[in-house]
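Chemist: Here it is, the structure, as structure tokens.
Read the figures in this text as sums done on the coordinates, not as results from a lab. Predicted model, so just to flag it, every value in this text is computed and none were measured. Cβ coordinates were reconstructed from backbone atoms using ideal geometry, including for glycine residues, and neighbour counts include every protein chain displayed.
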Amino acid sequence: MEKREQLYEGKAKKVFATDDKNAVIVSYKDDATAFDGAKKGTIVGKGVVNNKMSNFLMQILEKQGVKTHFIEELSDRETVVKKVEIVPLEVIIRNISAGSFARNYGVEEGIVFAEPTIEFSYKNDDLHDPLINSYHAVALKLATKEEIEQIKAMAFKVNAVLKDYFLGLGVKLVDFKLEFGRTADGEIVLADEISPDTCRFWDKDTNEKLDKDRFRRDMGGVEDAYKEMMKRVFGE
Ligand code: TMP
């Protein structure tokens with residue numbers, strides 16, 4: 001696999017072309033942003049944690065029948081993935097109240113839901129990623145009705161698999177954000193990443209936050225939280 005020109009640089013990753021028109025290389029950075037890029041910083045070692053954890057979780061999900069973009073891990077920070085057209089929706093699943101849910105509805109964090117919830121945000125920085133319902137997403141041609149049904153089913157499946165997996169590591173999967181893409185053949189696959197940047201992880205016994213909220217909320221111990229999640233997953 002030959003790495004070619006940079007195609008794109010996002011807030012946390014760079015994407016490079018390869019000699020295969022259907023594959024790209026993703027390179028994970030230590031850069032961290034929050035609140036639409038208004039808050040900027042560095043989380044030392046984050047790129048390595050997110051790359052390795054995301055790849056490992058995607059392989060677990062593949063075994064459980066969830067199609068993902070993952071092809072091959074190249075190094076600590078670089079992975080070959082299927083080239084996809086990203087569906088411009090952030091798909092958020094919640095098991096426990098936290099973050100914008102708690103804020104929007106005026107409830108405390110930590111309420112355990114009887115059933116997981118799902119919501120979509122329109123991925124659009126200029127508009128600050130507004131909440132969007134599935135009818136509006138179809139009206140805007142962000143995805144077809146069928147694609148949205150498929151995305152919902154895949155997102156709940158991801159939750160079922162990962163919630164159990166993390167509980168086994170002594171971690172509550174509070175909520176998380178997924179992104180999906182269309183491959184060249186028009187297949188919907190799980191894309192982007194699953195990491196402490198995109199999930200809320202709380203220790204099962206102490207509710208200690210082990211994710212990017214420590215950065216968003218200036219809580220300190222950010223690198224240690226990423227390291228701790230790495231240790232839980234890989235036992236390092
Ligand atoms: P929220 O409570 O702020 O809406 O976040 C819900 C989940 O989505 C949480 O696990 C963090 C994740 N998330 C992202 O991955 N990217 C984002 O831009 C935002 C706002 C949240």
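Chemist: In the chain, what is the volume of the convex hull around the alpha carbon atoms, normalised per residue and reported in Å³? Let's see the in-between values first.
Modeler: Working: hull volume 31.4 nm³, N = 236.
Dividing the Cα hull volume of the chain by its residue count gives 133 Å³.
Chemist: Considering amide H positions built from the backbone, and no H for Pro or chain starts, which residues 5 or more places from Asp129, or on another chain, come under 5 Å of its amide H?
Modeler: When sequence neighbours closer than 5 places are left aside, the close amide H contacts are Asn124.
Chemist: At a Cα cut-off below 18 Å, give the lysines reachable from Lys21, other chains included and same-chain residues fewer than 8 away excluded.
Modeler: Counting by Cα, and skipping residues close in sequence, Lys21 has these lysines nearby: Lys3, Lys82, Lys83.
Chemist: Highest mean first, what order results for 75-83, 178-186 on Cβ atoms within 10 Å?
Modeler: Descending packing order for the listed peptides: 75-83, 178-186.
Chemist: Pick out, from Ile132, Leu162, Ser75, the residue whose Cα sits farthest towards the positive end of the charge dipole of the range 46-193, with +1 on the Cβ of Lys and Arg and -1 on the Cβ of Asp and Glu.
Modeler: Leu162
Chemist: Still on this model: Considering all projection directions equally, how large on average is the shadow of the alpha-carbon convex hull of the range 112-236, in square nanometres? Write down the numbers at each step before the final one.
Modeler: Numbers: hull surface 38.3 nm².
The number I arrive at for the range 112-236 is 9.6 nm².
Chemist: Give the distance, in whole Å, between the Cα centre of the range 131-154 and the Cα centre of the range 171-198.
Modeler: Centre-to-centre (Cα) distance: 15 Å.
Chemist: With only Lys, Arg, Asp and Glu charged, each at its Cβ (+1 for the first two, -1 for the last two), find how big the charge dipole of the chain is about the Cα centre; round to the nearest 20 debye.
Modeler: 140
Chemist: Could I ask something else about it? 5 Å is the cut-off here: which amide hydrogens, built 1.01 Å from N in the peptide plane, fall below it relative to Leu7, excluding neighbours closer than 5 in sequence?
Modeler: HN-HN under 5 Å from Leu7: Val15, Phe16, Ala17.
Chemist: Based on DSSP H runs of at least 4 residues, each adding -39500 (n - 2.57), what is the mean residue ellipticity at 222 nm of the chain after dividing by all its residues, to the nearest 500 deg cm²/dmol?
Modeler: -9500 deg cm²/dmol
Chemist: I'd like to compare 153-166, 96-109: which one has the highest average count of other Cβ atoms within 10 Å, and what's the full order after that?
Modeler: Final packing ranking: 153-166, 96-109.
Chemist: Using the Cα atoms of the range 153-221, I'd like the radius of gyration and the largest Cα-Cα distance, Dmax, both in angstrom.
Modeler: 14.1, 46
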